[in-house]
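Just so you know, all these numbers are worked out from the coordinates, no wet-lab data involved. Fair warning: this is a prediction, and the values are worked out from it, not measured in the lab. Positions of Cβ are generated from backbone atoms using ideal geometry, with glycine treated the same way; all protein chains shown enter the neighbour counts.
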Amino acid sequence: MTTQTRSSILMVYTGGTIGMKQDPQDLTLKPFDFSQILEEVPELQKFALRIDSYTFDPLIDSSDVKPAMWQELATLIRDRYDSYDGFVVLHGTDTMAYSASALSFMLENLAKPVVFTGSQLPIGVPRTDGKENLISAVEIASAKDADGHAMVPEVSIFFNSKLLRGNRSTKVSSEDFSAFASPDYPPLAEAGISIRYNTPAIRKPQSWDAPLKIWTSLDTRVSILKIHPGITPHLMRHFLCDPQTRAVIIETYGSGNAPSGQWFLDSVEEASRMGKVVMNVTQCLAGRVNMDLYATGKALKRAGVVSGGDMTTEGALGKLFCLLGRNPDNEWVKARLGDDLMGEISR
Ligand code: ASP
């Protein structure tokens, strides 16, 4: 006699709008407990799945996310890895792309799905998007191919019918149900009457059996500077040469351009002399940095700036936190920034 084992999912509830309801006193949204979420989505019981839950304490609005929460999440997934076929993380939308990006670099040899989801309207509200997001996220997290391997063994975000690679995603709307996009990478799956997997776009692990390794040492001495017309030499120096930072992400214009004034380059050169990692990502939603295209880009490259290619800012931040945490040598980090570690950058 063969025993059929049910697939099992661990649902991790961190907070966010999906699990909030209005406090009748002060009318602000406050988190409610996980069992109430499940009561709102009885459809989940129709799946032949074992769904266990883990609730973070305290539950947070995701604007309070800290790297310590990512460390807790990575450790939780590592500790329960063998007991589940997939993980669904309920998370606020505001920093979901940061968390999914960071986790993608923290979980090495991942061979199971880790699907982040949330909603724009609380799950108890009649027009909520939370139910559909949650149900499809669970279905995707438990989906297997003909060989019994996970369909999507990577860190992803499911939102408004689309499954996106976590470290390619960014929040693009505070109001629309379509709150996330990954403009430089196609969706990994789309939910219509069936879930259509974009198999060639999905990352597969090098080995299905390698043990999950987690990188929990994160070095957060990174700052992000968005270039804008009117930026001053003082501000530039302040950001780039602060002795407290090991790395600076500069969000530049278009394909990697910045002001051509000598004062700008001077700050960048000084930061390079101090041994800092300076990385160039574009402010544009889509497209990539090409520092060979214009004179200002070339000058930045000569000054030691590393191209972020088509990485999102969220992806660049997670990658830097993780690489800096792995090695105290900034030259080692610089040499790896352009590598495709977790599908975050196109060649
Ligand atoms: N402020 C909320 C959060 O990020 C918004 C949301 O969940 O969509 O936690």
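The angle between the Cα long axis of helix 313-326 and the main principal axis of the chain comes to about 80°, on a 0 to 90 degree scale. As a calculated quantity, the FRET efficiency between Ala48 and Ala146 at R0 = 30 Å, using C-beta atoms, amounts to about 0.95.
Rounded, prolate or oblate: which one fits region 275-325, using the alpha carbon gyration tensor with axes a ≥ b ≥ c (rounded when a/c is under 1.5, else prolate when a/b beats b/c, else oblate)? Oblate.
Helical runs (DSSP H, four residues minimum) scored at -39500 (n - 2.57) apiece and divided by the length of the chain put the mean residue ellipticity at 222 nm at -8000 deg cm²/dmol.
Counting only DSSP beta bridges with both residues in region 103-194, the antiparallel share comes to about 75 percent. Cross-link partners of Lys204 among lysines, defined as those whose alpha carbon lies under 26 angstrom from its own and excluding same-chain residues fewer than eight positions apart: Lys112, Lys144, Lys162, Lys171, Lys213, Lys319, Lys334.
Given labels modelled 7 Å from the Cα in the Cβ direction, how far is it in nm from Asp23 to Asp292? The modelled label-to-label distance comes out at 5.7 nm. When only the Cβ of Lys, Arg, Asp and Glu is charged (+1, +1, -1, -1), the dipole of region 84-169 relative to its Cα centre reaches about 200 debye. Shape class of region 82-204 from the alpha-carbon gyration tensor: prolate, with a/c at 1.5 or above and a/b greater than b/c.
Rounded to the nearest 10 degrees, the inclination of helix 96-106 to the longest alpha-carbon principal axis of the chain is 80 degrees.
The Ser194 and Ile231 beta-carbon pair, evaluated with R₀ = 56 Å, returns a calculated FRET efficiency of approximately 0.70. Of interest is the spacing of the C-alpha centroids, which for region 232-301 and region 75-142 amounts to 34 Å. Is the shape of region 1-157 best called rounded, prolate or oblate, per the rule: a/c under 1.5 gives rounded, else a/b larger than b/c gives prolate, else oblate, with a ≥ b ≥ c the square roots of the Cα gyration tensor eigenvalues? In terms of gyration-tensor shape, oblate. Using +1 on the beta carbon of Lys and Arg, -1 on that of Asp and Glu, and nothing else charged, what's the dipole of the chain about the Cα centre, debye to 20? So the magnitude is around 840 debye. Loop-resident chymotrypsin sites (Phe, Trp or Tyr not before Pro) (DSSP state other than H, G, I, E or B) in region 256-344 with no more than 13 further Cβ atoms inside 10 Å of their Cβ are absent. Bridge orientation summary for the chain: considering DSSP beta bridges with both residues in this region, about 35 percent are antiparallel. Spin-label model, Ala68/Asp340: points 7 Å from Cα along the beta carbon direction are separated by 3.8 nm.
For the chain, the alpha-carbon coordinates run over 72, 53, 34 Å along the three principal axes, in decreasing order.
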